[in-house]
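Below is one structure, written out as structure tokens; comments come after it.
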Amino acid sequence: MFYHEVRHFETQQHKDDSTLKYIHSLSSKLIFDVGTPPITQFSLPAYGAWNSKRNEINGVLEECIQMHVREDDEITKYVYLCVKKDPVERFDFDLIQVAVPLFIIDKYLFDIQSICYVRAIDFCNIGINEYMQRNKKYLHTAYLSWVPVAAFRDGFIFVAALHIDKALPNQLYPPKVTINYPYEYWGNPPENPGC
């Protein structure tokens, strides 16, 4: 039900956009294995201290992640989302694993490094595309649409889609493991360090 509702909202102003409709239909073939419960919980420092603490935090999380990544699987990529344990908590996060074995379908690439979690209440009035325009730190100009791939907690996990001809090398060949840190993903982290 969630997919139909979000899909309808996102396309109500683009009813004749056949590309957008096709991308959303392709996304049903994607496999996103969202792990629950979180693999660990952690706290981020205040935004001003992030640069000096990043390597230390990254080292701790990577050590934890190693226990959950299958080294014998050369196909699957892993994205780790930092999701607030509680919406009112600014610095306490759960680390959520998303395993993605397939991210290119019929000349379209679903950029796994763009994967994010957004609460429904945060984008329901303006749509996910407008929300990302306002809040994402770096927005690839070739993105065609943000596609919901899983309902999660009180929101959805989204991924951006683009034509494969417009993809950058790091999108075509993403690393085995990506951690989407809020301070590096979102554009206004002191007020909104992740969702």
Seminar exercise, completed: Among (1) over 20 Å from Cys82 (Cα atoms); (2) open to solvent by 40 Å² or more (accessible area, probe 1.4 Å); (3) at pLDDT below 90, Lys137 falls short only on (1)
Problem set entry | Hey, Pro37 over 23 Å from Arg134 (Cα atoms), open to solvent by less than 30 Å² (accessible area, probe 1.4 Å) and in a loop (DSSP other than H, G, I, E, B) or not | no
For this session: Would you check which residues across the range 31-56 are aliphatic (A, V, I, L, M) and over 30 Å from Val147 (Cα atoms) and list them?
Result: Ala46, Ala49
Problem set entry | Considering residues of the range 17-31 that are aliphatic (A, V, I, L, M) and in a helix (DSSP H, G or I) only, the residue surrounded by the most Cβ atoms within 10 Å (Cβ to Cβ) | Ile23
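The values are calculated or read from the model by the stated rules, or taken from the named source; none is laboratory data. Nothing here was measured: the structure is a model prediction, and the numbers come from that model. A quick note on method: Cβ atoms are made from the backbone with ideal geometry, for glycine too, and the neighbour counts reach across all protein chains shown. In case anyone asks, the SASA skips ligands and DNA or RNA and just uses the protein heavy atoms, side chains included. Shrake-Rupley method; radii C 1.70, N 1.55, O 1.52, S 1.80 Å.
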